1. For region 626-645 and region 147-213, compute the distance between their C-alpha centroids and round to whole Å.
2. Do any of Lys366/Lys511; Lys352/Lys490; Lys316/Lys511 go past 20 Å between their Cα atoms, and which?
3. Heavy atoms only, probe 1.4 Å: what % of the accessible area of region 245-404 goes to carbon and sulfur, would you let me know?
4. Just from its helices, what would the mean residue ellipticity at 222 nm be for the chain, if runs of 4 or more DSSP H residues each count -39500 (n - 2.57) and the sum is divided by every residue, rounded to the nearest 500 deg cm²/dmol?
5. Would you kindly state how much longer the chain becomes between Gln258 and Arg605 on full extension, computed as 0.36 nm times their sequence separation minus their alpha carbon distance, in nm to one decimal?
6. Counting only protein heavy atoms and a 1.4 Å probe, tell me what percentage of region 189-239's accessible area is made up of carbon and sulfur.
7. Can you work out ³J(HN,Hα) from phi for every residue in region 153-160, in order, using Karplus 6.51 cos²θ - 1.76 cosθ + 1.60 and θ = phi - 60°, giving whole Hz and x for Gly and Pro?
8. Once amide H atoms are placed 1.01 Å from N in the peptide plane, what residues at a sequence separation of 5 or more from Ile305, or on another chain, have their amide H within under 5 Å of its amide H?
Amino acid sequence: MISLDNLTVSYGGWTLFDNISFLINPKDRIGLVGKNGAGKTTLLRIITGEQLPTSGAVTINGECTIGYLPQTMRVADTTTLVEETAKAFDEVLRLEAEIASLTREIAERTDYESAAYEQLLHRLNDAQDRYHILGGETRDADIEKTLLGLGFRREDFGRATSEFSGGWRMRIELAKLLLRRPSIFLLDEPTNHLDIESIQWLEEYLRNYNGAVLLISHDRAFLDNVTTRTVELSMGKIYDYKVPYSKYVVLRAERRAQQLAAYENQQRMIEKTEEFIEKFRYKPTKSNQVQSRIKQLDRLERIEIEEEDLATLNIKFPPAPRSGQIVAEVRDAGMSFGSKHVFSGANFTIEKGDKIALVGRNGEGKTTMARMLIGQLTPTEGSIRLGANVNIGYYAQNQDDLMDGDFTVYDTLDRVAVGDIRTRLRDILGAFLFRGEDIDKKVKVLSGGERARLAMARMMLEPRNLLVLDEPTNHMDMRSKDILKSALMKYDGTVVVVSHDREFLDGMVQKVYEFRDGGVKEYLGGIYYFLEKRKLESLQEIERRDAPVAKTVAAPKTAKGGTEPAAAPLSGKASYEQRKEQEKLLRKLRKQVEGIEAELADIERQIAEYDARFAAGGAYNEADFKAYNDLKARYDHQMHEWEKASYELEITEGE
């Protein structure tokens, strides 16, 4: 479908691509990966024709159409949401007019046997086929389904596009792109402005799409759920793996180990050859051999490997200053901006050491809650009270915009650092992948990911015991996200994070608060536990919503003027099967809770025995202390499991 042949891109003496070639086939699902600056976006721009290579060619099948979503783009502000989205069907509207014109002309003519009449019939048939392929008959339904899938509400459909924020306008462009149904999607960071539900909808859409997909993303879960092939750009070369991202990581590690071994062997050979040349350079009897070795080195194709600095994984946030056990109490809190109600009834307590995720659709109040926690906003309902000695570090979505673009990377930290930590600024910058000449770059020339890393490095200059992070991974590459996640998991303070990156949140947070439909709901568990529960709740909501509809809505009319038969209600057998499944699930959950309770009782008994033995002052050793501490750790873990299982049982019993 698309062939890239010997592409080279050079800037002065620096080569970005060096004779790279690969094919994009129909229905391919390709993830394009590589370090920031490897040329991923440049490659997409070359495929679209926005940029020309220094040499080489891109060959596109004549019938192939391309849909390109860049990271940033100019958007229109002159129409409503639905009218702007309908522009995706420009060709459909043109075809409608053509079909109407051809139909009129055919009806008026009587030269049924002529070649001109036959040609009109062929043109009409071709136009109708194309109209059908582009979804002309279902365009209104497709517009609605796509906009709802990307997180818009029906009440938004008539709003002017100028009323939407930049992130929502990007969604409008994505909706138009999806509705055009091109042969191939070229998507550059499509999830940056989407929430978790919209990302999951987009995953499902792209998985089932009939064309090809080539995408750049730093969202591991998104890549794994959509792609089946991974193309890596590294040091001007291309490496093609016929596997999704997670499997690519394993294969790449194996390839790198082989490269490293080959590199080390070559370096040893070069060293020995150079030693031989130096040793016998001035001996006439060895001159032929010396010249032969010199030519051998000149002809040698040197192996290059990409630098990988594993030391950066050891960065840590400063130890959290001591705070009270209760970090924040949120009681019946709500927020409205004038007539716009955001949410109400938020009730939860944040305790020391908690790691919490705030999730939900954009505009439901996640960032508002973050700003309320740090005191930037005052709730219009209820209260938010911080605990004793709470010292907050805040990372805002627009954190990189708050830095002065004319300062250098080093100056940005130096101007806020105080005390002894000023002597460690270069180490901190190095940990966040700023080294060498990077620290003298001005902030205004940094990429989005580099600015995000710099803002995070600035947060580390002062010890905090509560970190409130609003979309900290936007624009970060995978390595930077890994570094940040590792540091946060080791951090001994409290973390509240707003994020839509499932892989980043997985294993880090233990509680999830969902902002939805003007309320806040708590889920005691990790992000995938929340997503599983949310999926079940969504299905139950649909069942409850659809049940009365079947009784009251008239059967839709068919094209012939009749009516379609109404959907039959659930049979007694189906209802019985549902009850049976529900009872089976309840038995399983009760058994799980009882099993954990029995184990907790046994652990309590063993701890009591150790307490009695220690109190009696009898003989005990270091192994006893270790066993005692292990029991207590096991008890804490099982208590957490009991809370989760009890909560799930309570929810299921209430259904």
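1. 44
2. On the way: Lys366/Lys511 14 Å; Lys352/Lys490 14 Å; Lys316/Lys511 23 Å.
Result: Lys316/Lys511 exceed 20 Å.
3. Numbers: 4500 of 9540 Å².
The value for region 245-404 is 47 percent carbon and sulfur by accessible area.
4. On the way: 19 runs with 301 residues, N = 655.
Taken over the chain, the calculation gives -15000 deg cm²/dmol.
5. Working: separation 347, 0.36 × 347 = 124.92 nm, distance 5.41 nm.
This chain segment gains 119.5 nm when fully extended.
6. Numbers: 680 of 1480 Å².
Of all accessible area on region 189-239, carbon and sulfur atoms account for 46 percent.
7. So the J values, rounded to whole Hz, are 9, 4, 5, 7, 4, x, 6, 5.
8. When sequence neighbours closer than 5 places are left aside, there are no close amide H contacts.
The values are calculated or read from the model by the stated rules, or taken from the named source; none is laboratory data. In this text the structure is predicted, and so the values were computed from the model without any measurement. Counting neighbours? That spans all protein chains shown, and the Cβs are built from the backbone with ideal geometry, glycine included. With ligands, DNA and RNA removed, areas are computed over all heavy atoms of the protein, side chains included. Shrake-Rupley method; radii C 1.70, N 1.55, O 1.52, S 1.80 Å.
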